Amino acid sequence: MPSKVSPVVRAFFDEATNTVTYVVRDPAGTRCAVVDSVLDFDYASGRTDTRSADAVIAWIEAEGLTVDWLLETHVHADHLSAAPYIQERLGGKIGIGDRITLVQETFGKVFNEGTRFQRDGSQFDRLFTEGDSFHIGQLRGDVLHTPGHTPACLTYVIGDAAFVGDTLFMPDFGTARCDFPGGSAEVMYDSVQKILSLPDETRVFVCHDYKAPGREDYAWETTVGEEKARNVHIGGGRSKADFVQMREARDATLGMPKLIIPSLQVNMRAGRMPEPEENGTTYLKVPVNGL
């Protein structure tokens, strides 16, 4: 159950990947956390850029804040994480769910990673499990394990705010796909019910928005009550059987995210690139017919 404390939340939207990065601030102090940061990446050229992360850094510095945490809701398949870059500039610990080891094991095989790639989550500073808590200054955060989209998905409940990653979208857009390795529509349904059991007034912050048909503006904040009542995939008391049938049929029509190949290789390393090869250059692999 979230406390009545209401954190200050500043959102940064990256239209190129439809990703929302959040800075979550203790309203009684100067400590903060960054949730789901973005490293810009041009796939055609193989070049990275830090403009999105730099905007977050500039705001944090202008506000005189100190970073306690760099939180990942899961191993993203649609954008690269900038957590190590922000950590180098501002500090903070990088945290993710402890089931990251399952993701590392799965995609370590997909990308034929050698023995140098550790599959124990040691690239991260903290591995969270269900029921764990942490602090941003005096502000408490609680961890919910909400798998379904991936095995390692978490929801961070910080004060009266829940950061749900890809588990839920805005009510008019629904829920995330469940067809990645380790995903499950049945498990997703149960995870969503866990989120919907929070108080109705709990603020819900989603990781992505794609503008549902008929909506002109991007949006990323709603409430548990709104999701429960109006979510087009799971609201209004939709049954588990109906949800699973809908979700699996919908997933069968979806293509792969355009940045899934670089994103997985980088994000399973906590946002770090693979080690350079003998010529000093870093390479990202493309497994032909592997996904």
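Structure above, values below:
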| read-out | value |
| --- | --- |
| One residue from D200, D217 being loosely packed, with under 13 Cβ neighbours inside 10 Å, in contact with a strand residue (DSSP E or B) (Cβ under 7 Å, 6 or more places away or on another chain) and free of Cβ contacts under 8 Å to residues at least 40 places away in the same chain | D200 |
| Some residue of segment 63-74 being part of a helix (DSSP H, G or I) and surrounded by fewer than 19 Cβ atoms within 10 Å (Cβ to Cβ) | no |
| Counted residues, segment 17-49 - those being over 25 Å from C153 (Cα atoms), in contact (Cβ under 8 Å) with a residue 24 or more places away in the chain and in a loop (DSSP other than H, G, I, E, B) | 6 |
| Considering residues of segment 172-197 that are touching a strand residue (DSSP E or B) at 6+ places or on another chain (Cβ under 7 Å) and surrounded by fewer than 22 Cβ atoms within 10 Å (Cβ to Cβ) only, the residue farthest from T21 (Cα to Cα) | K194 |
| Any hit, segment 76-87, residues being surrounded by fewer than 24 Cβ atoms within 10 Å (Cβ to Cβ), of a type in the set (G, A, S) and outside any helix (DSSP H, G or I) | yes |
| Pair list, Cβ < 7 Å and 6+ apart or interchain, from segment 255-268 residues that are within 16 Å of T106 (Cβ to Cβ) to residues that are among the aliphatic types (A, V, I, L, M) and part of a helix (DSSP H, G or I) | M268/V103 |
| Top-ranked residue of segment 248-281 - restricted to ones that are in a helix (DSSP H, G or I) and small (G, A, S), ranked as surrounded by the most Cβ atoms within 10 Å (Cβ to Cβ) | S263 |
| Long-range neighbours under 8 Å by Cβ, at least six apart or interchain, first residue more than 13 Å from T175 (Cβ to Cβ) and hydrophobic (A, V, I, L, M, F, W, C) within segment 227-239, second modelled with pLDDT under 95 and exposed (fewer than 15 other Cβ atoms within 10 Å of the Cβ) | A229/G236 |
| Strands (runs of 3 or more DSSP E) contained entirely in segment 100-172, each with at least 3 residues that are among the β-branched types (V, I, T) | 154-158 |
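Residue-wise test of (1) closer than 30 Å to D251 by Cβ; (2) surrounded by fewer than 20 Cβ atoms within 10 Å (Cβ to Cβ); (3) without any contact (Cβ under 8 Å) to a residue 24 or more places away in the chain.
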{"residue": "R89", "(1), (2), (3)": "no, yes, no"}
{"residue": "R99", "(1), (2), (3)": "yes, no, no"}
{"residue": "G114", "(1), (2), (3)": "no, yes, yes"}
{"residue": "G131", "(1), (2), (3)": "yes, yes, yes"}
{"residue": "H135", "(1), (2), (3)": "no, yes, no"}
{"residue": "L154", "(1), (2), (3)": "yes, no, no"}
{"residue": "V164", "(1), (2), (3)": "yes, no, no"}
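The values are calculated or read from the model by the stated rules, or taken from the named source; none is laboratory data. What you are looking at is a predicted structure, and each value in this text was computed from that prediction instead of being measured. Please note: Cβ atoms are built from the backbone with ideal geometry, for glycine as well, and neighbour counts cover all protein chains shown.
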